[in-house]
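Please read the structure below before turning to the comments.
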Amino acid sequence: MLFDIFRNSKFGIRYFNIVSHFLAPGNENLIVSSETTYYNCTVMQESDTPIQENNPAKVPLPESRQDDEGSWFDFFRFALLAIIIVVPIRAYVVQPFIVSGDSMIPNYHDGNYLIIDEISYRFEKPKRGEVIVFRFPRDPSTFLIKRIAGLPNETIQIEDDTVTIINSEHPDGFVWNQGVITATGKKTELTMTLGEDEYFVLGDNRNESADSRLWGRLPGKYITGRPILRLFPLTDIAIFPGRWPETANN
């Protein structure tokens, strides 16, 4: 005979399972029983898997906190992506440059915001007439902007505002078409011969420019790049600002 008896106790529900079995004649009242006590009201699911109250399920975070954590994750992910993209571009491709001073008037003015192409000169040599940004040889922490007048292995002669270039193609020299400049109005006489990978640079505003006339040759290793875009002022946005016609780059 099998029967179940349930009764309450102060610790929970005590469950008795009593099984009576007649083992042999004369032992009719011998009972084999088992007793199991469940404390804290253990609950059984349909799958018979117990879920204990002393091991509670995770409590979900409030929505506002979840949103905050998601926003911070998105922010850091965006910042990391920006660093991965911008740093190599900034270091090896382009960089911003702000013109300081009047040495390049009328083509560049104080405060002009430029984007400098740093990669082109890794694959080609600078050309005459191109405007370049470079580190000042006497103080490499300082950047200057000038225009290339003389190329490697050439001789440059300057008399007043006239620049004459002597090279293997023009042994008798030719007067460089300087484009638009602000003349000095001063007496100037100078002759300089350049070596391998040396350049002669001038400011477009001769009166206000400290350039190769004053401090000499520019080694090519100091050249950073060339302006490809002027973004400010907004009324003067231009691509390759101050670029001269190809006929000027003899």
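The values are calculated or read from the model by the stated rules, or taken from the named source; none is laboratory data. Just so we're clear, the structure is a prediction, and the values are computed from it rather than from any experiment. For neighbour counting, all protein chains shown are included, and Cβ atoms are generated from backbone atoms with ideal geometry for every residue, glycine included.
For residues that are out of contact with any helix residue (DSSP H, G or I) (no Cβ under 9 Å at 6 or more places or on another chain) and assigned to a strand (DSSP E or B), scanning just region 194-220, find the one that is modelled with the highest pLDDT.
This residue is 219.
Return only the number of the condition from (1) assigned to a strand (DSSP E or B); (2) within 14 Å of residue 228 (Cα to Cα); (3) not small (Gly, Ala, Ser) that residue 107 does not satisfy.
Evaluating residue 107 over (1) assigned to a strand (DSSP E or B); (2) within 14 Å of residue 228 (Cα to Cα); (3) not small (Gly, Ala, Ser) leaves (1) as the failure.
Answer with yes or no whether residue 173 is closer than 21 Å to residue 114 by Cα and either modelled with pLDDT under 95 or out of contact with any His (no Cβ under 6 Å at 6 or more places or on another chain) (or both). Even if it seems obvious, please write down each step before you answer.
Values: closer than 21 Å to residue 114 by Cα: no; either modelled with pLDDT under 95 or out of contact with any His (no Cβ under 6 Å at 6 or more places or on another chain) (or both): yes.
So residue 173 fails the test.
Here is a list: 228, 223. Which entry is at pLDDT 95 or above and either over 25 Å from residue 117 (Cβ atoms) or of a type outside the set (Asp, Glu) (or both)?
Working: 228 fails: at pLDDT 95 or above.
Only one candidate qualifies: 223.
List pairs: first residue in region 134-154 and in contact (Cβ under 8 Å) with a residue 12 or more places away in the chain, second residue among the acidic types (Asp, Glu) and in a strand (DSSP E or B) anywhere in the structure, Cβ distance under 7 angstrom, at least six positions apart or on different chains.
If the second residue must be among the acidic types (Asp, Glu) and in a strand (DSSP E or B), the pairs left are 152/198.
Is it the case that some residue within region 181-192 is in a helix (DSSP H, G or I), at pLDDT 95 or above and surrounded by 13 or more Cβ atoms within 10 Å (Cβ to Cβ)?
Narrowing region 181-192 to residues in a helix (DSSP H, G or I): none.
Among the residues of region 181-192, not one is in a helix (DSSP H, G or I), at pLDDT 95 or above and surrounded by 13 or more Cβ atoms within 10 Å (Cβ to Cβ), which makes the answer no.
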